[in-house]
Structures are given as C-alpha cells and as structure tokens.
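Below is a structure I'd like to ask you about.
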Amino acid sequence: MLLLGVMCLPAGIMVAVTVVTKAHSLPLDYSRYAIYLQAVIGLYLAAQAPQSVSRDLRFRSVPLYFSRPIERVDYVTAKFAALAAALFLLTATPLVILYAGALLAKLDFADQTKGLAQGLLTVALLSLLFAGIGLVLAAVTPRRGFGVAAVIAALTLPYGAVSALQGIAYVQGHESAVGWLGLFSPITLIDGVQATFLGGTTSFPQALAPTTAAGGLYLLVTLVTVAASFALLMRRYRKAGL
C-alpha cells in the first residue's frame, strides 16, 4: 500500500499542476508514466514475487496444494495471474487518477480517453512481462532474500547497461543502434513497444524511437518472454515433483 501511494503521488501532483495552471495537456503521456516510475514497480515486484513462490518451495507446502485434484498448470497460472493482476492495479491506478484530473481540467475528452487506453495497454503488457520474469527468478531459489536480490538485479543491471550503451552509440553517431539496443532490457522493451504502437515517446537519447521493424521485434520479444516465463515455471514445478 505504501508503494501504491508512492506510485499515485506524482499523478496527483501532475493533476494539481494541470488544473491550477489551466494547461492544455498533461505533463506526461499516459503510456510513459510507468516507465518513469519503474524503480517503484521494481521494488514491488522484488518484494512480492519471492513472497508468492519462495516460501511454498522453502517450507515444502506445495505438495499440500496437490493433495487435492489440481494440475500443475493450475498452480502456475494462479501465481502468474495473481502477480500480473497486482502489478496491473499498481500501475493502472495512477493512470486513472491522471485521467480523472484531465477531465476536471476540461482537456479534450477523446484525446484523454485514447491516451488512457494506450496507457492501460502499456501497463498490462508491462505487468505480464514483469510478473513472468519475477516469478521465474523467485522460483529458482527457496530463499526469499536471494529471490529479492535476483529480481532487483534483473531489472536494474540490464537497464543501466542498455542506457549506457545507447548513450555511447548516440554520441558516436550510431543512432540506428540506439533502438536495437533497447531489446536487451525489460523496461526498454516496454518503452519501445509503447513508442512504436501506442503513440508515446521513448526515454532513449533524444527520444529516438525504434523503427517500425524494430518495434515489431520489440513486441515479439516481449510476448515470447512472457510465454517462455510461463514455460520455465511449468518446468520448474515439474522438477519439484509436481
């Protein structure tokens, strides 16, 4: 709940500024809000993914679930859906606040509704991707602390490396490489998808967006990663004897 409050606070501030200054647009696109708040989302995922699966493995409580007629796919689907839904609520609530504020500020209804829809699609895709990655990493070890560290590392280290490489590529004049480098980090994957297909702009150097071909690959890699995460979870629990 504390992290939800942190997620919503910037939205409330933006709404207040928009209403008071009578601005003609929101300070930030709906589809980019989650990109800017990625650190908060990462903390939530690092806290909840191990909580969801590590304790079951550590205390060997999983066999109790399967003492009743339940399939392995039921267990994995339930965990995946629960974490993805929680992430969606965490990331979608601020967008609804922004939308309500935009309407109070008498901004264009059609534009704001379109922007909200694009933002909701962005955070839905982000929720599925992050839930899959977080659960796979958390399920590797029954130790919750190791799971937390692994999730944080998986979200922050690739992003830092990709951002640094994109900056270097831009400075050296290899602008076309900036978009392709975004394929190697979870948050830049979402950033590229929302910039290509959902009308947003990227956080890449000089807001460079992937080409249409690269954007299609961004979406494909994202969907494949979600599917692969589910498959790896199924395999993990098969090895656990379920």
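The values are calculated or read from the model by the stated rules, or taken from the named source; none is laboratory data. Keep in mind that this is a model prediction, so the values were computed, not measured. As a convention, Cβ positions derive from the backbone with ideal geometry for all residues, glycine included, and neighbour counts pool all protein chains shown. Keep in mind that these areas ignore ligands, DNA and RNA; they rest on the heavy atoms of the full protein, side chains included. Shrake-Rupley method; radii C 1.70, N 1.55, O 1.52, S 1.80 Å.
Keeping the other protein chains in place, figure out the carbon and sulfur percent of the accessible area of the chain, with a 1.4 Å probe.
Percent of accessible area from carbon and sulfur atoms in the chain: 68.
Right, another one. Once the Cα gyration tensor of the chain is diagonalised, what are the square roots of 5 times its eigenvalues, in whole Å and ordered largest first, as equivalent ellipsoid semi-axes?
33, 23, 15
In deg cm²/dmol, rounded to 500, what helix-only [θ] at 222 nm does the chain give when every DSSP H run of at least 4 residues adds -39500 (n - 2.57) and the total is split over its residues?
About -26500 deg cm²/dmol.
Follow-up. With only alpha-carbon atoms in the gyration tensor, what are the semi-axes of the equivalent ellipsoid for the stretch 103-242, in Å, largest first?
With the √(5λ) rule applied to the stretch 103-242, the semi-axes are 30, 21, 14 Å.
Using alpha carbons only, how many degrees (0 to 90, rounded to 10) separate the axis of helix 2-21 from the longest principal axis of the chain?
The helix 2-21 is inclined about 10 degrees to the chain.
Using the Cα centre as the reference, give the magnitude of the dipole from point charges on the C-beta atoms of the chain (Lys, Arg: +1; Asp, Glu: -1; all else neutral), rounded to the nearest 20 debye.
Using Cβ point charges on Lys, Arg, Asp and Glu, the chain gives about 1040 debye.
OK, next. Count the lysine pairs in the chain whose Cα atoms lie under 27 Å apart, taking only pairs 8 or more positions apart in sequence or on different chains.
Close lysine pairs found across the chain: 4.
Next up: Between the helical axis of 212-239 and the dominant principal axis of the chain, each derived from Cα atoms, what acute angle in degrees is found, rounded to the nearest 10?
So the inclination is approximately 20 degrees.
Hey, another quick one. Any chance you could give the angle, 0 to 90 degrees and rounded to 10, that helix 38-58 forms with the longest Cα principal axis of the chain?
Orientation of helix 38-58: about 10 degrees from the principal axis.
Taking 4 °C and 1.567 mPa s as the conditions, I'd like the Stokes-Einstein D for the stretch 1-53 in µm²/s, using the Kirkwood hydrodynamic radius from alpha carbon pairs.
Calculated translational D: 103 µm²/s.
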